[in-house]
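**Student:** I am attaching a structure below and will ask some questions about it afterwards.
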Amino acid sequence: MKKFFLIIISILSIDQILKIYIKTHFRLGDEIYIFPFFRIFFIENPGMAYGINLGSGYHGKILLSIFRFFLVIFIFIFLYRNIIKGSSKYLTIPISLIFSGAMGNFLDSALYGLLFNTGTIYSEKSQKWIPYHGISQISFDKGYASFMEGCVVDLFYFPIIDAYFPNWIPFFGDYHFQFFKPIFNLSDAVISIGVFFLFIFKHKIKNVKIL
């Protein structure tokens with residue numbers, strides 16, 4: 001049990017430290033080149049991992065926050081029961097990663113509106129998400145949104161291929177091509193890694209307890 005607790009706490013701690021640092025030191029759209037194919041690029045995401053949305057607008061955001069809440073509870077119960085039962089580590093370790101990632105993004109959604117003084121908010125008048133200016137500060141009494149209305153901080157950007165085709169190339173001329181456009185965070189990454197491990201080790205997983 002201690003090993004799984006350590007995995008979860010370590011991932012959550014690193015994830016939240018990175019996000020809070022970016023949120024309190026970067027402006028929206030600020031970018032740092034680490035390598036040509038790896039950048040730190042700060043955006044706020046009202047949707048799911050890699051910019052996927054569950055519905056549109058404010059109501060889609062609230063629906064997503066509620067979905068995250070119940071998903072975190074379900075994964076926790078599933079993980080706990082399989083750890084107690086002694087299920088295969090090929091199951092419990094990937095599920096620990098998925099739980100850590102889901103919990104990390106849920107914390108953003110649930111608490112960041114209360115924790116920070118500025119953030120991306122939805123305008124009913126214009127029917128779109130409105131960015132903010134400047135750098136956010138931690139402010140427990142003047143949050144930018146209510147509970148479950150916060151946006152997720154995304155920061156990793158890997159444009160592995162970033163090419164521009166000149167005009168003289170037939171069919172593809174004057175076209176900007178990027179491979180892997182999504183901007184994501186550590187939580188998204190560990191969820192993807194956990195799902196990947198479940199897939200490649202599915203034949204070694206035994207004694208699964210659903211509920």
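Derivation of every value follows stated rules applied to the coordinates shown; laboratory data play no part. Source: prediction; values computed, not measured. Glycine also receives a Cβ, built like all others from the backbone with ideal geometry; neighbour counts cover every protein chain displayed.
**Student:** Test of understanding: what is the full-extension gain from S88 to I200, defined as 0.36 nm times their sequence separation minus their Cα-Cα distance?
**Tutor:** Full extension of this stretch gives 38.9 nm more.
**Student:** Please report S192, S136 as a ranked list, fewest other C-beta atoms within 10 angstrom at the top and most at the bottom.
**Tutor:** So the ranking, lowest neighbour count to highest, is S192, S136.
**Student:** Which value at 222 nm does the chain reach when only helices count, each DSSP H run of 4 or more adding -39,500 (n - 2.57), with the total divided by all residues and rounded to the nearest 500 deg cm²/dmol?
**Tutor:** -16000 deg cm²/dmol
**Student:** Among the lysines, which have Cα under 22 Å from the Cα of K3 when same-chain residues fewer than 8 positions away are ignored?
**Tutor:** K85, K89, K202, K204, K206, K209
**Student:** Also, I was wondering about something else. Among D15, D188, D141, whose mean-square fluctuation peaks in a Gaussian network model of the chain (Cα, cutoff 10 Å)?
**Tutor:** Highest fluctuation among the options: D141.
**Student:** Apply the Karplus parameterisation 6.51 cos²θ - 1.76 cosθ + 1.60, with θ equal to phi minus 60°, to every residue of segment 143-148 and state each ³J(HN,Hα) to the nearest whole Hz, in sequence, with x for glycine and proline.
**Tutor:** Here the 3J(HN,Hα) series is x, 7, 7, 8, 4, 6 Hz.
**Student:** Mind checking which lysines have their C-alpha under 28 Å from K23, skipping anything on the same chain fewer than 8 residues away?
**Tutor:** Answer for K23, where 28 Å is the Cα cut-off: K61, K125, K128, K142, K181, listed by chain and number.
**Student:** I want to verify a result. In a Gaussian network model of the chain, Cα cutoff 10 Å, which of these has the top mean-square fluctuation: L198, L28, L12?
**Tutor:** L198
**Student:** Could you give the nm distance between label points at L6 and F38, where each point is 7 Å from its Cα heading toward the beta carbon?
**Tutor:** Placing both labels 7 Å along Cα→Cβ, they lie 2.5 nm apart.
**Student:** Here are several values of Cα Rg over 2.2 N^0.38 Å: (1) 1.15; (2) 1.20; (3) 0.91. Which one was derived from the coordinates shown?
**Tutor:** (1)
**Student:** Let me check against my output: what whole-number percent is the relative contact order of the chain, with C-alpha pairs under 8 Å and at least 6 apart?
**Tutor:** The value is 29 percent.
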